[in-house]
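Each value in this text was obtained by applying a stated rule to the coordinates, not by laboratory testing. Not measured: the values here are computed from a predicted model. Please note: Cβ atoms are built from the backbone with ideal geometry, for glycine as well, and neighbour counts cover all protein chains shown.
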Amino acid sequence: MSDYNALQRMLHYVALANTSILEATLDAELAFCKSRLKDQSLPKHVFVSGLARGGTTILMRSLYESRQFSSLTYADMPFVLAPNIWFKISAKSRKQMAAKERAHGDGILVDFNSPEALDEVFWRTFSRKQYVHKKYLLPHDCNDEIIDKYRKYIAAVLIRYATDRYLSKNNNNILRFGSIFRALPNAMILVPFRDPVQHANSLLTQHALFNKKQSEDRFVRRYMSWLGHYEFGLSHKPFKVGENQDTYSDTEKIEYWLQQWRNVYRFLLKENDAYPENTLPISYELLCSETETLWRALCKILDIDNSQPPAMKEKIRETPPVVDNELLAEVQDIYEELTRRCGKALMSENRSTEV
């Protein structure tokens, strides 16, 4: 994003900044695809959603490599609400993009064919006032009109990429599980999580990195806001979920990010209780240590061919000391319960596969 030229930046502004244009873009896309849109109530679509830096990208990419899913990619930028129209318009002028490391500096390479968290543009366009507030993001339920539009939008993405199942990685989806299941009743939501201290430290590091990037280039900040990325940086907005008495407000301290981890995953445990057949916690550490076993079980649960498992290796980084022992105890209890649920679901599925 920081290396876009002036024309590319202007195109992104036109395509993503104005809600009226975004609404008109989707209307045009749905009219263009009208005769080919299919009902989406039966397919087992897959959503990956949790706190950023929890392994969401590598999990989504490994599923995408099975070639059994459609997902928005960088090729759909910046007209992400009109993937079929934009594909037709840009076909002759489309250039190849050499794979390069993404802005996070974490070694993950991206090119035009890389799937990415782009469908948040839909929710920002039609539901922004419900969940995006000045200082935080709130859970929200969408009305029937928005649910119907979303279902048709997913159908349009499936036309663009010619499969029957949709795959999304969008961390903000933790705010709208109920709406997703109303739109797509057979969907599965995978909730990646990591050791809370390691996870919080990774968020802290990314926050410092994007503070710097966004200070140096205002377009980076605008770009991330257009895509609904508030996870870190100058535009950071925490998830305000559940009933929590927050103690820490300094985003330069690991305690703040550990507090966010507690709030989000405590909330997601309750979402797992509400939708036990449709949600599944995925432990980063278990996926690193028991990769083939857990991957085989996960593929069976998701009804996909046993694709290549992700190449994952646990990284233990030096972290700042956490002085709040009560907070540490809270997150450890939540982490252990999430790990238990992940192991129970995937290990039992693997045993049933072997019988």
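Numbers for the structure displayed
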read-out: Charge-dipole axis of the chain as Lys and Arg at +1 and Asp and Glu at -1 on Cβ define it, positive-most pick from 121, 4, 239; value: 4
read-out: Amide N of region 172-206 lying under 15 Å from the label point, which is placed 7 angstrom from the Cα of residue 328 along Cα→Cβ; value: 196-201
read-out: Two-decimal Rg/Rh across the chain, once Rg and the Kirkwood Rh are taken from alpha-carbon atoms; value: 0.94
read-out: Candidates 70, 168, 114, ranked by Gaussian network fluctuation over the chain, Cα under 10 Å, top entry; value: 114
read-out: Among 270, 88, 253, residue whose mean-square fluctuation peaks in a GNM of the chain (springs only between Cα atoms under 10 Å); value: 88
read-out: When each of 34/134; 38/169; 129/152; 44/135; 149/300 is checked by Cα-Cα distance, pairs over 25 Å; value: 34/134; 44/135; 149/300
read-out: Cut-off 12 Å between beta-carbons: net charge of the residues surrounding residue 214, Lys and Arg +1, Asp and Glu -1; value: +3
read-out: Relative contact order (%) - criterion: Cα under 8 Å, at least six apart; region: the chain; value: 22
read-out: Residue order, fewest to most beta carbons within 10 Å, for 331, 132, 14; value: 14, 132, 331
read-out: Residue of 165, 176, 36 that the Gaussian network model of the chain assigns the largest fluctuation, springs spanning Cα pairs under 10 Å; value: 36
read-out: For the chain, size of Cβ-based charge dipole, Lys and Arg +1, Asp and Glu -1, in debye; value: 1340
read-out: Footprinting exposure proxy for 322, 264, 80 (fewest neighbouring C-beta atoms within 10 Å first); value: 322, 264, 80
read-out: Beta bridges by DSSP in region 6-354, antiparallel share as percent, to the nearest 5; value: 25
read-out: Residue-averaged [θ]222 nm for the chain, counting only DSSP H segments that reach four residues, each worth -39500 (n - 2.57); value: -16000 deg cm²/dmol
